[in-house]
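The values are calculated or read from the model by the stated rules, or taken from the named source; none is laboratory data. Not measured: the values here are computed from a predicted model. Backbone-built Cβ (ideal geometry, glycine too); neighbour counts: all protein chains shown.
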Amino acid sequence: MSAKSSALSILATGLLVAPLSLLQAQDTRTVNQPTFPTTCTTLAATQSITTAGEPTSETAFDTTRIQTALSGAAAACSGATVELTTGGTNGVYNAFLINPIFIPSGVTLVVDAGVTVFGSRIPADYQVGTVGTGQEQCGVVGTLGNAHHHWNEP
């Protein structure tokens, strides 16, 4: 056996009998599985999704119901959850239609599997501030040509 192969043999043997402590993970922290916050309010869907992939109504908004639950959870259940679930027999209702909502700090909005939340298709529903001088209505191309610039205003 050559000196080179003898040295490789000794190195390989040394690696095989290395102290087991060197081969173990060094991170000894205890890791806990994440958990959902307490469900403060559960809201069941009242709309279905049509075969065209749309909510059954484009005018029956769930915004007030959801916003009330979110605001109530912030006041009543610190770090709580508002959960959107299917409704009706066998989950036949599985859709919510909303305008813009505000989720308070410390509140989580959970959308269950099989539930879809649709946003309004009406551009004016997303208008920030009051339409006035120098600003035109959201979604309307007007004479000022700045219908979308209001998003950048302070």
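In table form, for the structure just shown:
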read-out	value
For residue 62: the one exception among (1) within 26 Å of residue 41 (Cβ to Cβ); (2) among the acidic types (Asp, Glu); (3) at pLDDT below 75	(3)
Meets criteria (under 20 Å from residue 88 (Cα atoms), surrounded by 13 or more Cβ atoms within 10 Å (Cβ to Cβ) and out of contact with any helix residue (DSSP H, G or I) (no Cβ under 8 Å at 6 or more places or on another chain)) for residue 69	yes
Lone unmet requirement of (1) more than 14 Å from residue 117 (Cα to Cα); (2) surrounded by 13 or more Cβ atoms within 10 Å (Cβ to Cβ); (3) touching a strand residue (DSSP E or B) at 6+ places or on another chain (Cβ under 7 Å); (4) not aliphatic (A, V, I, L, M) for residue 85	(1)
Pairs where the first residue, in region 77-94, is in the same structural domain as residue 105 (by TED's automatic domain parsing) and the second is acidic (Asp, Glu), C-beta under 7 Å, 6+ apart	83/112; 84/112; 85/112; 86/112
